[in-house]
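Okay, so here's the structure we're looking at.
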Amino acid sequence: MKKTATRYWIFTGLFAFIMLGSAIPDILIMPMAVEGFKGIGFPAPLVPFLGWAKLLGVIGILVPGYPRIKEWAYAGLMYDIIGAIYAVAFIEPVATWGPMLVIPLIGALSYVYYQKKYHTTAISNETSSLKSTLA
């Protein structure tokens, strides 16, 4: 259990750090973020919206409990990063966007270890409540 929890927090911390690092320039409507969006053909007003959505997603995966919110947060963040890779792949060479593939991998590992941690905790809670009922 301890290894699973440690791996979960390592991958979740990395994923949250990366996604928060991409959310802040969007929220602040920094010129580099707006230029990047315009460069791939997206409208500039989408920038702050996606920034706030990423920030809420990061909060969703970091706050303990609330498994349904975590599921939605993981889904939203993965859609965001996969969509970004897809959009950049059409205008940039593989050498530019290829390293971005590490981000969804980190997100997927975070999610996998979240599921392992969640199910291990649920099973141990069931076992302890069953023992207290039988005692």
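Residues to consider are Ala44, Ala75, Ala23; find the one that is under 22 Å from Thr120 (Cα atoms) and not charged (D, E, K, R). Break it down stepwise before answering.
Values: Ala44 fails: under 22 Å from Thr120 (Cα atoms); Ala23 fails: under 22 Å from Thr120 (Cα atoms).
It is Ala75.
Being open to solvent by less than 50 Å² (accessible area, probe 1.4 Å) and over 20 Å from Leu105 (Cα atoms), is that true of even one residue in the stretch 14-26? Scanning the stretch 14-26, I find at least one residue that is open to solvent by less than 50 Å² (accessible area, probe 1.4 Å) and over 20 Å from Leu105 (Cα atoms), so the answer is yes.
Out of Lys3, Lys38, report the one residue that is more than 24 Å from Tyr74 (Cα to Cα) and basic (Lys, Arg). Give the steps one after another, and end with the answer.
On the way: Lys3 fails: more than 24 Å from Tyr74 (Cα to Cα).
The conditions single out Lys38.
Selection of the stretch 76-124 for residues being within 13 Å of the chain's Cα centre (by Cα), open to solvent by less than 60 Å² (accessible area, probe 1.4 Å) and of a type in the set (A, V, I, L, M, F, W, C) yields Leu77, Met78, Ile81, Ile103, Ile106, Ala108, Leu109. Taking the criterion of being touching a residue at least 12 places away in the same chain (Cβ under 8 Å) and under 15 Å from Ala84 (Cβ atoms), the residues of the stretch 21-40 that qualify are Ser22, Ala23, Pro25, Asp26, Ala33, Val34, Gly39, Ile40. Residues in the stretch 62-95 that are touching a Phe, Trp or Tyr at 6+ places or on another chain (Cβ under 6 Å) and at pLDDT 95 or above: Tyr74 alone. Confirm whether Ala5 is closer than 22 Å to Lys70 by Cβ, aliphatic (A, V, I, L, M), surrounded by 12 or more Cβ atoms within 10 Å (Cβ to Cβ) and touching a helix residue (DSSP H, G or I) at 6+ places or on another chain (Cβ under 9 Å). Here the answer is yes, as Ala5 does meet what is asked.
The values are calculated or read from the model by the stated rules, or taken from the named source; none is laboratory data. Computed from a predicted structure; not experimentally measured. Glycine gets a Cβ as well: all are built from the backbone with ideal geometry, and neighbour counts include every protein chain shown. Calculation scope for accessible area: heavy atoms of the full protein, side chains included, ligands and nucleic acids excluded. Shrake-Rupley method; radii C 1.70, N 1.55, O 1.52, S 1.80 Å.
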